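Here's the structure, in C-alpha cells; my notes come after.
Read-outs: derived from the displayed coordinates by stated rules, not from any lab. Fair warning: this is a prediction, and the values are worked out from it, not measured in the lab. Cβ placement follows ideal geometry from the backbone for every residue including glycine, while neighbour counts extend to all protein chains displayed.
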Amino acid sequence: MLREKRASDIEKTLAKYPSKRSAVMPLLYMAQEEYGYCDDNAIREVAEILELDPTEVKSIVGFYTMFYEEPTGRYVIDVCDDLPCALRGADEFVAHCERKLGIKVGETTPDGKFTLRTVMCIAACDRAPVAQLNTEYRYSLTPESFDRMIDELKEQDKL
Amino acid sequence: MDKHVLLRDLDVPNIRELAVYEANDGYAAWRKALTTMKPEEVIAVVKDSGLRGRGGAGFPAGVKWSFIPKDIFPKYVVVNGDESEAGTFKDHQLLDNNPHQVIEGTALCAYAVQANTAYIYLRGEFLEPSRTLQKAIDEAYAAGLLGKNILGTGFNLDIHIHLGAGAYICGEETALLSSLEGYLGQPRLRPPFPAVQGLYAKPTVINNVETLANVPPIVLHGAQWYRQFGTEKSPGTKIFCVSGRVNKPGNYELPLGKYTIRELIDMAGGTIDNRPVKGVLPAGSSAPILPASALDTKLDYESMQAAGSLLGSASFVILDDTVDIVWAARKMVRFFKHESCGKCTPCREGTHWALALYDKIIEGRGTARDVEMLGEVANSMAGKCFCLLGEFATSPILSTLKHFRPEYERWVTRAQA
Ligand SMILES: Cc1cc2nc3c(=O)[nH]c(=O)nc-3n(C[C@H](O)[C@H](O)[C@H](O)COP(=O)(O)O)c2cc1C
Ligand code: SF4
Ligand code: FES
C-alpha cells in the first residue's frame, strides 16, 4: 500500500500545500513509481489518501501524457518529433528507432523491455534529435548512439 | 554581449553552486532588498525598469505586482516553468545552469508582494532540472536565505517545486493554477484575474522563469542600469532560442531591439549549407510565420508586431528552402490538436478537422476545396475559443496560407494529376 510504503514522502508532500487535493499529481507519480502505472487500484489508493472521488483522480490520470493508464515496457523511450526537432531529422530518427527495436511508435517490444513513443517538444530543440529514457534526457542522438544505448540496456539487464 | 545578465553560466563556470553564485553578486540583491528596501520600493524599481513578462504576453512585471491587494493574506507567487512552446528551451538552460538566479528572483517577487509561499511549476519532463533546482533551494535554506526569519529580518519564505505531467495547456496561467490545485489543467474564466483571485482564490503573481531571473540584477543595479539595454518599450536583455535549420542552434541572450532576425541567424552559425531562409517562426508554433522579406526586422516586441507577428517567448524556428511549408504547418497543427484541452468545441473540433485536412493534402488526396476549407476552419475558430490556445492554433494555418499559398496549390495540383 502506498500509504505505508511512502508514508514519509506523502507526509512531506501534503505539508507543501494548504489543500490536500494539490498533492494529487505528486502522489500519482509516487504510485507510478511503485506500480509502474496508474491502474484502478493505484487511483483508488491516491483518492483515499486525499479524500477525493476516484473518478476525479482517474480523469486527472487521463488528462496528462506522463501518467500511464496501461503497463509500459521497463524503458519508456519518448522521442520528440515536433517541428523544430523534425527540421533536424527527428522523423528519420524515429524511423530508425522503430527498425532497431522492431516495433512501431506506441508499441512495446514482446520481451516487455522497451516502449517507443513520440512526444511533442520537450524544450531541448537545440540538441535534436532528443529523447527521454524514463524521464532522463538523452541529447544529440544519432542512430549509432541510439543503438549503443539500447544494446547497453539489454546487456545491463542480463547481469 | 560582453557579459550575460541571465545566461551567466556562459561567463562563470559552476554558477549553479551557491558559493560560486554568491561570489559573483549572488543574493546581493536579496540582502539589499530585505535589509534596506521596503516592499513598495522593490515593486517601484521593477516597474521603472520596464521589465516585460518573458512568458509570451510581454506584460510589464512591476505593474502586475502592483495589482496585488495589500490587505488580503495569504498571497502567493507562482513561477511558470512549464516551457512547452515548440522551439523554447531558455528556462531549461536557466534552471539547469543558473538556478539560484531564478530562486533569488522568485524571493524578491515574494518580498515585493509580501507572499510567504512560492510554487515553481515545472513541466513534468523537467524532472532532472527539478533536482538541480531543489538542490539549489536546499542550499539557500541551509544558508538562511530562505525559510523562517530570513537574515534576521522576520520575513519568512518557503519555495516549493510542483511538477506537471505533460500538457502544454498548463502553461496558460489559469490552467496552471487549476493544475496546481489538483484539478484538471484547464483554463478558467478571467476575470477574476490571478492578482485578485489566483491560487486557492488568493492574490497571486504568476511570472515566467526568465522574467524572474531578470529581477536580481535590476534590484541590485537599478532601473537605469537595466535600461541601458534594449529599447524604450522593450528594455533589457532577452534570451532568444534559435532552432531548426541553422548550424548552431541554442540560446542567445541579446539586448532587445539591437539586432535583426538576420543577425540572429548569423550568430547561430547561419543556415545549414548556407541555404536561403524561407521563413521564420519568431514564437514557435503560436505566432504567424514571417517570410524571408522580414529578415531585417529588429528583435523587440514592437518591431515584431509591426512586421505582422509577435515576439512571444522568442523561440525562433528557422526554415530554409529545403522545408516544405505545408509539412511544417501540419506539424504545428498536429501539436495544437494534441494539446487542445478539449474544454471548448471550436478548438477541440477545429484542430481535429484542420489536421484531417492537412493529412489528406499530404497523403496526396487534397483538392483546391480542401485548401479553402483550411482557411474556413481556422476562421471559424478565431475569436471563438475559450483561451488563447485555440487562437494560436489558427496562426500556422492562416499565416502559411497568406505567405505561401502557392505551396498548398502545388500539393493539390500534384494530387489532381
Ligand atoms: C496556451 C498558452 C500556453 C502558455 N505557455 C506558457 C509557458 O509554457 N510558460 C510561460 O511562462 N508562459 C506561458 N503562457 C503565458 C502565461 O499564461 C502567462 O502569461 C505567463 O506565465 C505570465 O508570466 P510573464 O508575465 O512573466 O510572462 C502560455 C499562455 C498560453 C495561452
Ligand atoms: S481553446 Fe482549446 S485549450 Fe483553450 S480551453 Fe478551449 S479547448 Fe481548451
Ligand atoms: S521540438 Fe523537440 S525538443 Fe523541441
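To the nearest 500 deg cm²/dmol, what mean residue ellipticity at 222 nm is calculated for chain B from DSSP H runs of n ≥ 4 alone, each contributing -39,500 (n - 2.57), summed and divided by the residues? Don't skip to the end; give the middle numbers.
Values: 17 runs with 186 residues, N = 417.
Here the helix-only value at 222 nm equals -13500 deg cm²/dmol.
How many lysine pairs does region B:316-399 hold where the Cα atoms are under 21 Å apart and the two sit 8 or more places apart or on different chains? Write down the numbers at each step before the final one.
Numbers: B:LYS331/B:LYS360; B:LYS337/B:LYS360; B:LYS337/B:LYS384; B:LYS343/B:LYS384.
Close lysine pairs under the 21 Å cut-off: 4.
Based on alpha-carbon positions alone, could you give the equivalent ellipsoid semi-axes of the protein assembly as shown from the gyration tensor, as √(5λ), descending, whole Å? Before the final figure, lay out the partial values.
On the way: eigenvalues 257, 186, 110 Å².
Listed largest to smallest, the semi-axes of the protein assembly as shown are 36, 31, 23 Å.
I need the calculated FRET efficiency for the pair B:LYS32 and B:ALA417, taking r as the beta carbon distance and R₀ as 60 Å, to the nearest 0.05.
Working: r = 71 Å, r/R0 = 1.18.
Efficiency at R0 = 60 Å is approximately 0.25.
Work out how far the C-alpha atoms of region B:216-341 reach from end to end along every principal axis, then list the three figures in whole Å, largest first.
Result, largest extent first: 47, 40, 25 Å.
Which of B:ALA19, B:ALA175, B:ALA28 ends up with the largest GNM mean-square fluctuation for chain B, with Cα atoms connected below 10 Å?
B:ALA19
Kindly flag which residue pairs out of B:LYS202/B:LYS238; A:LYS113/A:LYS154; B:LYS47/B:LYS238 have an alpha-carbon separation exceeding 19 Å in this structure. Don't skip to the answer; put the middle values down first.
Working: B:LYS202/B:LYS238 31 Å; A:LYS113/A:LYS154 8 Å; B:LYS47/B:LYS238 17 Å.
In this structure, B:LYS202/B:LYS238 exceed 19 Å between Cα atoms.
Which loop chymotrypsin sites (Phe, Trp or Tyr not before Pro) in region A:1-40, with loop taken from DSSP, have no more than 16 other Cβ atoms within 10 angstrom of their Cβ?
Working: sites: A:TYR29, A:TYR35, A:TYR37; in loops: A:TYR37.
Sites meeting the loop and neighbour criteria: A:TYR37.
Would you grab the residues whose amide H sits under 5 Å from the one on B:VAL246? Only those 5+ places off in sequence or on another chain, please, with H modelled 1.01 Å from N.
Result for B:VAL246 returns B:ILE272.
What translational D, rounded to a whole number of µm²/s, comes out for region B:238-303 from Stokes-Einstein when the hydrodynamic radius is the Kirkwood one over Cα pairs, at 20 °C and 1.002 mPa s? Show your work: numbers first, answer last.
On the way: Rh = 12.0 Å.
Rounded, D is 179 µm²/s.
What does a probe at A:SER19 reach in region A:31-50, counting residues whose amide N is under 16 Å from the point 7 Å along Cα→Cβ?
Flagged as within label range: A:50.
Going by Cα centres, region B:113-143 and region A:20-58 are how many Å apart?
What the calculation gives is 23 Å, centre to centre.
What is the magnitude of the charge dipole of the protein assembly as shown about its Cα centre, with +1 placed on the Cβ of each Lys and Arg, -1 on the Cβ of each Asp and Glu, and no other charges, expressed in debye to the nearest 20? Can you show the working numbers first?
Numbers: 65 positive and 76 negative charges, 235 e Å.
The dipole magnitude comes to about 1120 debye.
For a quick check: with amide H placed at 1.01 Å from N, whose amide H comes under 5 Å from B:PHE240's, ignoring anything fewer than 5 positions away on the same chain?
Sorted by chain and number, the residues that satisfy this are B:TYR252, B:GLU253, B:LEU254.
Run the numbers for B:VAL196 and B:MET267: contour at 0.36 nm per residue of separation, minus the present Cα-Cα distance, in nm.
Working it through step by step, the gained length comes to 21.3 nm.
I need two numbers for region A:1-91: Rg to one decimal and Dmax as a whole number, Cα atoms only, in Å.
Spelled out, the Cα radius of gyration and Dmax of region A:1-91 are 15.7, 48 Å.
Give the lysines reachable from B:LYS148 as a straight Cα distance under 17 Å; neighbours fewer than 8 places away on the same chain don't count.
Result set, ordered by chain and number: A:LYS16, B:LYS75.
Name the residue from A:MET149, A:PHE67, A:GLN132 whose Cα lies farthest towards the positive end of the charge dipole of region A:48-159, charges +1 on Cβ of Lys and Arg and -1 on Cβ of Asp and Glu.
Value computed over the given set: A:MET149.
If you add up the charges near B:LEU146, with Lys and Arg at +1 and Asp and Glu at -1, over every other residue whose beta carbon is less than 15 angstrom from its beta carbon, what do you get? Let's see the in-between values first.
Working: positive: A:LYS16, B:ARG31, B:LYS135, B:LYS148; negative: B:GLU22, B:GLU104, B:ASP138, B:GLU139, B:ASP158.
That sum, taken over residues with Cβ under 15 Å, equals -1.
Once you've got the GNM for chain B with C-alpha springs shorter than 10 Å, pick whichever of B:GLY390, B:GLY166, B:GLY62 has the biggest mean-square fluctuation.
Sorting by GNM fluctuation, first place goes to B:GLY166.
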